[in-house]
Amino acid sequence: MVSHTSSRASQIVGMTVLMLGLGACDSEQSSEPDSGLSVDSGAEDCQLDTASPTWLGSMQREVVGKLSGEEEIAPGVQLSDRATVSNRQRTRDYLSAELEVIGYVVERHDYGSGTNLVASLAGSTDGVYVVGAHFDSVPGSPGANDNATGVAAVLASARLMREQACSFTAELRFVFFDEEEIGLVGSRAYAAKLVQDGTRVLGVTTVDQLGWDEDGDWQIEIELAIPGEIDRVAASIARHGLSVSLLPTNTAGSDHTAFREQGFPALGITEEFVNGDTTPHYHLGSDVFDTVNFDYLASGSAVLNAYVWDLGRSADR
Ligand SMILES: [Zn+2]
């Protein structure tokens, strides 16, 4: 999240709270909630078996552990933050290696002061959905919640989608942004690149801070969604048998904003940042591994996985 909370706070206007609690339901077509999203599961008889793979919890603990200095990210190296040039490079090296192990070819998007990482899963059309998170932190903060949790959610989604022996209609492009904390620099550079390349962007989803749920209600905030999009997320939750309440907000200030500025349909996923249940360790040296609620992170990640799968398989927009 951009360093001064005031920027995100001052951009919270006209917040509406809409609770969408959806009980678990089977994902067969007949009980399909009206999302306007036609998910092609017929041709290859492709279904996402689960949005919560068995490896999710242990994988996310490892990723957050290495990014936040709880564990060595390289022999003899434990990060104190992901703000310095060398620590951001070590972070990129680690993420690139993880993505390559999963089977991606990692593209580096050098834009001058920093470098984003891009890993794509091809689609049968030229439409592209971007799914991203920033990997940098503020100086002096291990950034376990902000934003190792977001990185762990996007990396998990990249892995799960890659593991499916299914083709996608739209390309799924997983992007790890640099320099979010100093003004959305990496995501703004990437949004400008998409415009320059004339990419047919169908939607952008970014994740920032998904590790705090003190009140135990599992709720997540959906930021700045275009009209109708939160219904799509809710439909994915129902379709994949999840049960999570969504809180729509008008919060700007994280990477989704950079894409909205370019006119792309983009939304942010986060913990209850404006609904009063967010980490008190925000941008502090105390934003460490032990403060992260990994069950909540896994629950929010399952929502992301369900939504991303449906987007990749959707034939419309
Ligand atoms: Zn952040």
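The values are calculated or read from the model by the stated rules, or taken from the named source; none is laboratory data. Note that this is a predicted model, so its numbers are computed, not measured. Note: areas computed on protein heavy atoms with side chains; ligands, DNA, RNA excluded. Shrake-Rupley method; radii C 1.70, N 1.55, O 1.52, S 1.80 Å.
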In sequence order, calculated HN-Hα J values of the range 221-230 (Karplus, 6.51, -1.76, 1.60; Hz; x Gly/Pro): 9, 10, 9, 6, 5, 5, x, x, 6, 5
Please report the antiparallel percentage of the DSSP beta bridges confined to the range 5-313, to the nearest 5. 40
Accessible area of the range 215-283 with a 1.4 Å probe: how many percent of it is carbon plus sulfur? 51
Alpha carbons only, please: Rg and Dmax for the range 5-313, in angstrom. 17.8, 55
Please list, in chain and number order, the residues 5+ apart from G127 or on another chain whose amide H is under 5 Å from its amide H, with Hs placed from the backbone. E171
Once phi is turned into ³J(HN,Hα) by the Karplus curve 6.51 cos²θ - 1.76 cosθ + 1.60 with θ = phi - 60°, what whole-Hz value does each residue of the range 177-183 show in order, with x for glycine and proline? 8, 9, 6, 6, 5, 10, x
